[in-house]
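Have a look at the structure below before the remarks.
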Amino acid sequence: MHAATHRPPHVAILTGGGDCPGLNAVIRAVTLALARECGARITGIERGFHGLLTRRVRALGVPDVAGILAEGGTILGTHNRCDPFRWEGADRSAAAMAYVRELGIDALVAIGGDGTMQIADRFQHLGLPVVGVPKTIDNDLPDTDRCFGFDSAVAVVAEALDRLATTARSHGRVMILETMGRHAGWIALEGGLAGGADAILIPELPFSLAALAERARERDREGSSLLVCIAEGVRIEGEEVVREIVADPASPVRLGGVGQVLQQRLQPLVGNEVRSTLLGHVQRGGTPTAFDRVLATRYGVHAAELVASGRFGRMVALQGDRVTSVPLADVAGRSRPVPADHELLRAARGTGVLLG
């Protein structure tokens, strides 16, 4: 599917998966850059790929994206369960493509995480030119060093740890903070470092409950407290803590509650009081940090440049300090855990943080 030469291209934008700070900054940058670059007509698809099945779209012009740079969430709405290739027991991708053709869409900018990239790649193979933009607070997409939304989530974790630290010291408690991140520990690791956690527990590294208890008793003997940052995907004595199972064929398992389980297992082993806090969706909400606003803008402009130059089937990426792009097929359906030799782990160990 190629844009006709006698008219400006018609480009669609959607945001898929969970919301996060910075989505609106990308929408704004793509819209402004495409309008300036090639006078493109922009259509926003509402609620992710679900909008292609429910025929919910809106026109996006320069006035529509004014003032949304710092706004959290997404003005287009999103959907974290709709996969047109397996929706409500059937493959609805043909209906989605028929609507794409009816609208006269020449290209799609899909903003989302691993699931969104996988769906976008499948539409690319059906003939819809696609450019992907990596979004996830989990920061677990491969081939990019940073996803926008991650820095904002880390800032929330760091602030929460700062607040928990003062009450922990006041009472001599063990305070546990549970972060999001699914099966990747990036949020807990970077947020824990930023917030001065004494122990950081991530899914990639097994940990010893006995060692954690001994560290807590040691701090108690010193008249001090213990601050623990734990990622939701951590296994407690080999067990994954599942909050619920949902009707989502792509990702039915919802994690959550590992902090409370750790509290229950740790309390009998220590003398001081153990409390746990679950941040949950607080990490997704609110305004993006300055870093995420700039990164999202850089990503949006680069995505527009890829569209304008006809370079499709690619995802925008940050490698080092350079914004570039990688093949969408290389990213689709894959994740990026924390490597065992990552520099952040060395920094944690070097400052005495308990990791296992």
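Among all positions in the stretch 324-337, there is at least one residue which is touching a Pro at 6+ places or on another chain (Cβ under 8 Å), surrounded by fewer than 17 Cβ atoms within 10 Å (Cβ to Cβ) and among the acidic types (Asp, Glu). Hey, does the stretch 89-103 have a residue that's within 21 Å of Ala304 (Cβ to Cβ) and of a type outside the set (Asp, Glu)? Yes, the stretch 89-103 contains at least one residue that is within 21 Å of Ala304 (Cβ to Cβ) and of a type outside the set (Asp, Glu).
Report, by residue number, each residue of the stretch 132-165 that is among the β-branched types (Val, Ile, Thr) and closer than 20 Å to Pro337 by Cβ. Outline the logic, then answer.
Filtering the stretch 132-165 for residues among the β-branched types (Val, Ile, Thr) gives 133, 136-137, 144, 154, 156-157.
Result: Thr136, Ile137, Thr144, Val154, Val157.
Report, by residue number, each residue of the stretch 314-342 that is on the phi > 0 side of the Ramachandran plot and modelled with pLDDT under 95.
Just the residues of the stretch 314-342 that are on the phi > 0 side of the Ramachandran plot, to begin with: 320, 333.
Listed by number, the list holds a single entry, Gly333.
Based on this model, can you work out whether Thr116 counts as over 8 Å from the mean Cα position of the chain (by Cα), assigned by TED's automatic domain parsing to the domain that holds Ile27 and of a type in the set (Ser, Thr, Tyr)? Considered against the rule, which asks whether it is over 8 Å from the mean Cα position of the chain (by Cα), assigned by TED's automatic domain parsing to the domain that holds Ile27 and of a type in the set (Ser, Thr, Tyr), Thr116 comes out as yes. A search for C-beta distances below 6 Å between a residue of the stretch 299-316 that is free of Cβ contacts under 8 Å to residues at least 40 places away in the same chain and any residue that is outside any helix (DSSP H, G or I) and not aromatic (Phe, Trp, Tyr), counting only pairs 6+ apart in sequence or on different chains, returns His302/Val316; His302/Val323. Of all residues in the stretch 323-336, those that are under 15 Å from Glu305 (Cα atoms) have Cβ atoms under 9 Å from Cβ atoms of residues that are assigned to a helix (DSSP H, G or I) and of a type in the set (Phe, Trp, Tyr), 6 or more apart or on another chain, in Val323/Tyr299. Among the residues examined, Val228 does not qualify as β-branched (Val, Ile, Thr) and surrounded by fewer than 24 Cβ atoms within 10 Å (Cβ to Cβ). Only one of the listed residues (Leu23, Leu14, Leu53, Leu76) is surrounded by 15 or more Cβ atoms within 10 Å (Cβ to Cβ), more than 18 Å from the chain's Cα centre (by Cα) and assigned by TED's automatic domain parsing to the domain that holds Leu126. That residue is Leu53. One residue alone among Gly132, Gly127 is modelled with pLDDT of 95 or more, crowded, with 24+ Cβ neighbours inside 10 Å and not assigned by TED's automatic domain parsing to the domain that holds Glu178, and that residue is Gly132. The strands (runs of 3 or more DSSP E) found wholly in the stretch 245-346 and carrying at least 2 residues that are polar (S, T, N, Q) and over 17 Å from the mean Cα position of the chain (by Cα) occupy 274-278, 322-327.
Could you please let me know if Arg322 is among the basic types (Lys, Arg) and either touching a Leu at 6+ places or on another chain (Cβ under 9 Å) or not assigned by TED's automatic domain parsing to the domain that holds Gly132 (or both)? Outline the logic, then answer.
On the way: among the basic types (Lys, Arg): yes; either touching a Leu at 6+ places or on another chain (Cβ under 9 Å) or not assigned by TED's automatic domain parsing to the domain that holds Gly132 (or both): no.
So Arg322 fails the test.
Residues that are of a type in the set (Ser, Thr, Tyr): list the helices (runs of 4 or more DSSP H) wholly contained in the stretch 142-238 that include at least 2 such residues.
Numbers: elements: 150-171, 186-194, 209-221.
By residue number, 150-171.
Being surrounded by fewer than 20 Cβ atoms within 10 Å (Cβ to Cβ) and modelled with pLDDT of 95 or more is a property that does not hold for Ala184.
Residues that are over 20 Å from the mean Cα position of the chain (by Cα), hydrophobic (A, V, I, L, M, F, W, C) and buried (at least 19 other Cβ atoms within 10 Å of the Cβ) within the stretch 193-205 comprise Ala197, Ala199, listed in sequence order.
Looking at the structure I just gave you, is Ser208 surrounded by fewer than 23 Cβ atoms within 10 Å (Cβ to Cβ) and without any contact (Cβ under 8 Å) to a residue 40 or more places away in the chain?
no
The values are calculated or read from the model by the stated rules, or taken from the named source; none is laboratory data. Note that the structure is a prediction, hence the values are computed from the model and not measured. FYI the Cβ positions are ideal-geometry reconstructions off the backbone, even for glycines, and counts take in every protein chain you see.
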